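Asks: The structure that follows is given in the form of structure tokens.
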Amino acid sequence: MRRRTLRGLAAAALSLSLLLFGTVTPAKAADNANYWPYIDLLISAFDKGRDGLTPTEATALIQEIVGAVNGSKVDLLDRLDSQVTNELKGKAEAALTKVELLRVPWLAGAAINSMHDAAFAAKAHIATVSGNDAALDTVSRAMIALFTELNTAYVTVDADEGTNIAPGPRRYFRQGLEQLIQAMTPSCEYTGMPNAGVISYVCEYDGRTVRAVYTATTNTYTVDGGAPLPGRIDAAFVHDFLMAGTARELAERALEVLVREGVTLP
């Protein structure tokens, strides 16, 4: 139910943007199409692992992560190839490729070690690429994919071995999400002619620009020439509109899940 609710809220927000702004948002939102399964998987791992896993649930969870990885691997590695270091790409490629080994208990350990190293390497790279919007977006996608993969693997191990390993890395996942959300902040500025009752709010991120214009005579504002919206400019709405389809959108959803589940910072 929580998974459907979360995806429902995202779909509702997207539908509203489509209704108001035509084809601007879908072009951006398509960038995340292959990555939403990781958010589904994060929720699924909590739901299935809450009271331990049955063999059937463990198999289903592994199949979910294999499906998520296979759906995003090519896109993610292509992004890493053009945006980030070969060192991170190599670790991510190894970790994502080894996901199939989770099906074989005696091979899972080596796969999990690879996932662990790659996830924390991606988290560390947030600082190194901060200031480069495109590279930061790519590293963020890698971190979300790799930590979700790692969490799924540990949930299955905990259920099988009676351990409690999964909560540890989750804290660092939350820390990384908060760091990248802070780093992925658009540059915005109010301009215009307040005395004439016209105010502009322009935001830029990764080469994209969104302009909101408020008109006092009608007490409405528009975003990129879309339909008039009531009241003064809602900066948060403008930010969300600009950042639709970026890794920040995914990170915010993932962070919501972790906070709701009581995951604390390290």
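Asks: Provide the net charge surrounding VAL99, with neighbours chosen by a C-beta distance below 10 Å and charges set as Lys +1, Arg +1, Asp -1, Glu -1.
Replies: +1
Asks: What relative contact order, as a whole-number percentage, does the chain give when Cα pairs under 8 Å and 6 or more residues apart are counted?
Replies: The value is 21 percent.
Asks: Separate question: Expressed as a whole number of Å, what is the distance separating the alpha-carbon centroids of segment 68-123 and segment 171-233?
Replies: 36 Å
Asks: Per 0.36 nm of contour for each residue apart, how much would the distance between ASN86 and VAL66 grow if the chain were fully extended, relative to their Cα-Cα spacing?
Replies: So the extension gain works out to 4.9 nm.
Asks: Cα convex hull of segment 169-266: mean projected area in nm², to one decimal?
Replies: Mean projected area of the Cα convex hull: 7.5 nm².
Asks: A further question on this structure: Angle, helix 167-183 long axis vs. longest principal axis of the chain, Cα atoms, 0 to 90°, nearest 10?
Replies: Taking the Cα atoms of the chain, the angle to 167-183 is about 20 degrees.
Asks: Pop out the ³J(HN,Hα) list for segment 249-255 in order, Karplus 6.51 cos²θ - 1.76 cosθ + 1.60 with θ = phi - 60°, rounded to Hz; leave Gly and Pro as x.
Replies: 4, 5, 4, 5, 5, 5, 5
Asks: Modelling each spin label as a point 7 Å along the Cα-to-Cβ direction, I'd like the GLU204/THR163 distance in nm, to one decimal.
Replies: In this crude spin-label approximation the distance works out to 4.9 nm.
Asks: What is the pair-distance distribution P(r) of segment 116-202, computed from all Cα-Cα distances in 5 Å bins starting at 0, with each bin given as a whole percent?
Replies: 3, 14, 20, 15, 11, 9, 8, 7, 5, 4, 3, 2, 1, 0
Asks: Also, quick follow-up: Taking 4 °C and 1.567 mPa s as the conditions, I'd like the Stokes-Einstein D for segment 187-243 in µm²/s, using the Kirkwood hydrodynamic radius from alpha carbon pairs.
Replies: This corresponds to a translational diffusion coefficient of 115 µm²/s.
Asks: Give the residue from ALA247, ILE199, PHE147 lying farthest towards the positive end of the charge dipole for the chain; charges sit on Cβ (+1 for Lys and Arg, -1 for Asp and Glu) and the dipole is referred to the Cα centre.
Replies: Farthest towards the positive pole: ILE199.
Asks: Right, next: Using only the alpha-carbon atoms of the chain, report the extent along each of the three principal axes, biggest first, to the nearest angstrom.
Replies: 71, 40, 32
Asks: Now a separate question. What FRET efficiency, computed as 1/(1 + (r/R0)^6) with R0 = 41 Å and r the Cβ-Cβ distance, is obtained for ALA236 and ARG50, rounded to the nearest 0.05?
Replies: So, using R0 = 41 Å, E works out to roughly 0.80.
Rule-based calculations on the coordinates, nothing more; no lab input. Just so it is clear, the structure is predicted and the values come from calculations on it, not from any experiment. Note that each Cβ is placed from the backbone with ideal geometry, even for glycine, and that neighbours are counted across all protein chains shown.
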